[in-house]
1. Tell me, what % of the accessible area of the stretch 145-245 is carbon and sulfur with a 1.4 angstrom probe?
2. Write down the accessible area per residue of the chain in Å², having rolled a 1.4 Å probe over the full set of protein chains.
3. Ordering ILE37, ILE133 by how much accessible area each has at a 1.4 Å probe, largest first, what is the list?
4. Taking 0.36 nm per residue of separation and subtracting the Cα-Cα distance, what length does fully extending LYS163 through LYS181 add?
5. Kindly flag which residue pairs out of LYS228/LYS386; LYS162/LYS228; LYS61/LYS181; LYS145/LYS195 have an alpha-carbon separation exceeding 30 Å in this structure.
6. Run the reach check for LYS390 against aspartates and glutamates, Cα to Cα strictly under 12 Å, same-chain hits fewer than 8 apart removed. What comes back?
7. Could you order peptides 209-219, 157-167 by the average number of other Cβ atoms within 10 Å of their residues, highest first?
8. How would ARG350, ARG173 line up by accessible area, probe 1.4 Å, largest first?
Amino acid sequence: MEHKKGFIKGALTGALLTLLVVSLAACGLQHINEGIISSDTETKLSYLKKLIDETYLHDVKEKDLNEGIYKGYVEGLGDQYSAYYDKKETKELTESLDGSFSGIGAVMTQDASSGVITITRVYDNSPAKKAGIKTGDILYRVEEKTVTGKDLDKVVSWIKGKKGTKVNLTLLRGTNSDKIKVTATRDVINVETVKYKVLENQIGYISISEFDSVTGAQFAKALKQLQKKNIEGLVVDLRNNPGGSLSTVCDILDSILPKGLIVYTKDKNGKKEEYTSDEKHRLNLPMSVLVNGQSASASEIFAGAVQDYGKAEIIGTQTYGKGVVQNLFDLKDGTCVKLTTSEYFTPKGRNIDGKGITPDVKIEYKYNAKDPKADNQLDKAVSVVKDKIK
């Protein structure tokens, strides 16, 4: 839903980590004096160090200065998705990925231009829900760390932690941006990423909140249950879905599309990697897919593929436009760097990075104060499927 837009304008980046492929590659950034930087830059750094040593008022650790160099080196790329992680941040990131740490049950997205992080979904019965966090809240601080403009993966790793431990968050809420302080108790989150039901005229409805490791099985179960009820058409709702696992979305699309290309990636050297569907499954139902400006990454792979094959009408507003893939590289000293390494293309060769997927039927969500449950976008998606059935 888009009636609480707040700071959400422009491209958003999903708060999911499963698209990151951990690679082990020594980049050697720590050896900044071994020919990686120019002599002019080295001279300037030496002069800056001399000025700091001779004139700077406070004590400073050389280790902190070096870490600043590494961070700045990567920030110089001007790429919102690339970042350097120091030892502490790398440890936090690794722990948040290994499955032994817990979260709070909220999905976050980040505005590409402002760096503002917004809560786009709060799961039922989650620590976030119990703490009073609401969809549309702006995340301002995690403990004492201000998060605006920080790498989203880092912020996620700060929020995750051991089950039973607490995390203090400061939120901005409402048109006046009132500061709200909440404390959430971390827990293992077993999220139902897929919800389904039968709508009018035997039209099935499946909502996918994110493409997590469990989503494929949940989608298959939902589709099977709907088919048992003899649905004649299907609406897939990807609104506010920030993305997730590339393999998961490809598995789901494999059950929908005919044999052929689902998506492909290409790196700076032109090396191409293709993901394809086989002949085993093919969904033969009239379909529509709902998207909005917060449908990102894997959601756009889904929408782009079914659109290219003519399998579904895309309904809603322009998606956010993240068509690039990141990899994590181990720097062999307890630190790591995340870099954008390739871009992906739809089956027809469309690169939607910075552009997004354009809906076949453009329609803005209109909040109805008299009937908050009313959904004009969903009504349109159902209407499109009904017309196809006729």
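The values are calculated or read from the model by the stated rules, or taken from the named source; none is laboratory data. The shown structure was predicted, so the numbers you read here are calculated from the model rather than taken from an experiment. Cβ atoms come from the backbone with ideal geometry, glycine included; neighbour counts cover every protein chain shown. For the accessible areas, the whole protein counts, side chains as well, though only heavy atoms, and no ligand, DNA or RNA atoms are used. Shrake-Rupley method; radii C 1.70, N 1.55, O 1.52, S 1.80 Å.
1. Carbon and sulfur atoms account for 46 percent of the accessible area of the stretch 145-245.
2. For the chain, the solvent-accessible area averages 50 Å² per residue.
3. ILE37, ILE133
4. Value of the extension gain: 4.4 nm.
5. In this structure, LYS162/LYS228; LYS61/LYS181; LYS145/LYS195 exceed 30 Å between Cα atoms.
6. The reachable aspartates and glutamates, counting only those whose Cα sits under 12 Å from LYS390, are GLU232.
7. Result, highest mean first: 209-219, 157-167.
8. The ranking, largest first, comes out as ARG350, ARG173.
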